[in-house]
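Comments concern the structure below.
The values are calculated or read from the model by the stated rules, or taken from the named source; none is laboratory data. These numbers were taken from a predicted model, which means no experiment stands behind them. Cβ: placed from backbone, ideal geometry, glycine included. Neighbour counts: every protein chain shown.
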Amino acid sequence: FRMTDLRAIVAEITEEMAAAPDRGRPASYIPPLARVDVGQFGMAVVTADGDVFTGGAADEAFSVQSVSKVFALTMALGRVGDQLWDRVGREPSGSAFNSIVQLESERGIPRNPFINAGAIVVADVNLGRGRPRESVGELVRFIRSLADDDSIAVDAEVARSESETGFRNVALANYMKSFGNLRGPVEDVLALYFGQCAVAMSCRQLAMAGRYLMAGGVNPVGGHRVVSAARARRINALMLTCGHYDASGDFAFRVGLPGKSGVGGGILAVAPGRASIAVWSPGLNAQGNSQLGTLALERLAMRTGWSVFGRM
Ligand code: GLN
């Protein structure tokens with residue numbers, strides 16, 4: 001595989017995905033997401049040299065949902081550093097993204113920052129003593145700076161719909177509050193959480209925003225340091241072990257790269273030292289991860305040889 005082949009590989013995978021028969025189903029529990037056409041597929045690969053290769057609907061904005069948990073985690077670590085780990089674990093849960101069961105025996109400490117419960121604690125950290133509107137704004141500005149793109153914004157309809165229908169998240173937040181693991185008012189923490197989930201981005205914007213994770217914590221354009229190299233490595237480790245909920249092991253087996261999915265059908269994947277990759281297709285598999293997004297990444301990893309587990 002040579003870098004010059006990447007354009008052809010992306011085009012080929014995009015064509016294969018257009019013809020894929022089994023596309024999964026869109027998330028049904030968030031009404032505006034249920035309406036999205038499952039026929040869509042997009043892909044963007046940003047290399048360490050700054051080249052961008054795109055396929056399909058790479059410029060179509062979609063709801064990033066849980067992919068935002070990567071940026072929220074990065075921001076929370078910037079605020080409180082390793083103290084975060086007193087309140088959130090670093091183990092894969094083996095449970096669904098919205099599961100509540102482990103919170104009882106584990107006294108309100110979520111397994112990791114990428115399941116909903118963990119991301120709600122992260123939102124509490126990012127809220128601090130502030131107001132949710134400002135905190136959402138702060139996160140959006142952070143994502144814009146990572147992506148070098150000021151057009152990124154929250155989809156207000158999705159945010160509203162999530163706060164109207166997010167009964168499980170309300171339960172998770174109240175349950176953790178009962179253990180003393182949320183400091184802010186539940187309503188405010190959830191307003192931030194729903195706002196961050198409702199950020200809309202295209203594959204191109206998402207792949208651009210993920211560049212710091214492939215480049216040892218530095219935004220390769222301009223050389224601006226976002227996080228230390230050690231922190232970037234740890235975020236990648238969490239994406240690999242926890243980024244796909246109870247399918248994280250399967251994702252590591254099939255793709256072999258750190259990745260974070262969202263129920264909007266997006267996935268951000270990182271080939272350290274090589275590329276930041278975003279795929280999007282709204283049809284989900286049983287674990288709530290993009291069916292074609294996962295397949296596309298599996299094929300990309302196979303054809304490029306990119307893997308954190310060794311060379312082919
Ligand atoms: N907003 C969604 C929820 O809280 C995010 C879940 C996801 O993308 N897996 O249910």
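The table that follows gives values for the structure above.
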| read-out | value |
| --- | --- |
| So F71, is it in a helix (DSSP H, G or I), closer than 19 Å to N289 by Cβ and in contact with a helix residue (DSSP H, G or I) (Cβ under 6 Å, 6 or more places away or on another chain) | yes |
| Some residue of region 220-228 being of a type in the set (A, V, I, L, M, F, W, C) and over 30 Å from G273 (Cα atoms) | no |
| Qualifying residue in region 49-66 (condition: surrounded by fewer than 18 Cβ atoms within 10 Å (Cβ to Cβ) and closer than 25 Å to G288 by Cβ) | yes |
| Subset of region 118-150 (residues that are surrounded by fewer than 20 Cβ atoms within 10 Å (Cβ to Cβ) and in contact with a Lys or Arg (Cβ under 8 Å, 6 or more places away or on another chain)) | G128, D150 |
| Region 101-133, subset more than 20 Å from the chain's Cα centre (by Cα) and β-branched (V, I, T), residue farthest from the ligand (Cβ to nearest atom) | I109 |
| Qualifying residues in region 192-205 (those that are in a helix (DSSP H, G or I) and within 20 Å of V122 (Cα to Cα)) - the one nearest to the ligand (Cβ to nearest atom) | C197 |
| Residue count, region 1-34 (criterion: free of Cβ contacts under 8 Å to residues at least 12 places away in the same chain and within 16 Å of the ligand (Cβ to nearest atom)) | 2 |
| Residue that is nearest to V67 (Cα to Cα), among those in region 273-295 that are more than 16 Å from the ligand (Cβ to nearest atom) and surrounded by fewer than 24 Cβ atoms within 10 Å (Cβ to Cβ) | L295 |
| Residue check, E162 part of a helix (DSSP H, G or I), surrounded by fewer than 23 Cβ atoms within 10 Å (Cβ to Cβ), out of contact with any strand residue (DSSP E or B) (no Cβ under 7 Å at 6 or more places or on another chain) and assigned by TED's automatic domain parsing to the domain that holds V101 | no |
